[in-house]
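Below: the structure, in C-alpha cells.
The values are calculated or read from the model by the stated rules, or taken from the named source; none is laboratory data. Quick caveat, the model's predicted, so the values are computed rather than measured. Here the Cβ positions follow ideal geometry from the backbone for every residue, glycine too, while neighbour counts run over all protein chains shown.
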Amino acid sequence: MRVLEEIAYRALPRVRPGCALSDWEWRVLVAAAEVIQQGSPVVITKEKIADNVETFLIEGSSRRAWRVRVLLALIETATLARTGQPFSRLSLERRCELVATRFERGSTLWWLCAKIRYLVLLGIYGDDAAVNATGYVPVRDRARFAPEQSVRLRRSRLANQVMESARAS
C-alpha cells in the first residue's frame, strides 16, 4: 500500500504549506459541494464546506488523506471522456445530472466517485451552523453530561439501588 501512496504523492500536484488539498482539488470539492448540499437544512457556502473538509484533514493528521486527494483527482478527470470537460468546469445543471445518473446509480469508477458525498456531508454537518439548523445538541452540551450533574446522577442511582436491595431483604 505504501507504493500506491508514493505514486499518488508524486503524481498529484504539490500542496501549499498548511493545506491538505491543492487549489484544483479544493475547486473540485467546492463544485461537488454545490451539487450535494442542495436541499440541506444547513445554510453554508460551498467554499466553507470545502474549508471544513480541509480543516478536518489537517487536524486529523490522517495517513490516508492522500486517498481523498486521489478521489478528487478521479472525479475531476472521470468526466473528460464523456463531456470533454473536467468536473469542476461543468455547469451546475450538468454536474447535478452527472451526480444523479452516474454517482448514484453507476458502477465501478462512478461508484467510487460517489464517495465524495461523505466528505461533503462531513463538511456540512461538521460546521457549527449545522447545530442550529438541525437542533442537534453536542454531547458535551447535553444536560445529563454536565460534570456536577452526572456525579449527582450516579450517586442517586447508586442510592436507589441500595434502597431497593434493602427493601428486598
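Listing for the model above:
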{"quantity": "Residues being exposed (fewer than 13 other Cβ atoms within 10 Å of the Cβ) and closer than 19 Å to Arg27 by Cβ - total across the stretch 87-117", "calculated": "3"}
{"quantity": "Residue within the stretch 70-80 that is part of a helix (DSSP H, G or I), assigned by TED's automatic domain parsing to the domain that holds Val28, loosely packed, with under 14 Cβ neighbours inside 10 Å and over 19 Å from the mean Cα position of the chain (by Cα) present", "calculated": "yes"}
{"quantity": "Unique match (being in contact with a helix residue (DSSP H, G or I) (Cβ under 8 Å, 6 or more places away or on another chain) and among the aliphatic types (A, V, I, L, M)) among Ala100, Ala143, Ala133, Ala81", "calculated": "Ala143"}
{"quantity": "Enumeration of residues in the stretch 95-149 that are in contact (Cβ under 8 Å) with a residue 12 or more places away in the chain and over 30 Å from Thr77 (Cα atoms)", "calculated": "Ala129, Ala130, Ala133, Thr134"}
{"quantity": "Failed item in (1) surrounded by 14 or more Cβ atoms within 10 Å (Cβ to Cβ); (2) in contact with a Phe, Trp or Tyr (Cβ under 9 Å, 6 or more places away or on another chain); (3) not β-branched (Val, Ile, Thr), with Pro13 passing the rest", "calculated": "(1)"}
{"quantity": "Qualifying residues in the stretch 1-59 (those that are farther than 17 Å from Cys113 by Cβ and among the small types (Gly, Ala, Ser)) - the one modelled with the lowest pLDDT", "calculated": "Ala11"}
{"quantity": "Top-ranked residue of the stretch 35-62 - restricted to ones that are in contact (Cβ under 8 Å) with a residue 24 or more places away in the chain and outside any helix (DSSP H, G or I), ranked as farthest from Tyr9 (Cα to Cα)", "calculated": "Pro41"}
{"quantity": "Filtered residue count, the stretch 102-131, keeping only those that are within 16 Å of Gln38 (Cα to Cα) and in a helix (DSSP H, G or I)", "calculated": "13"}
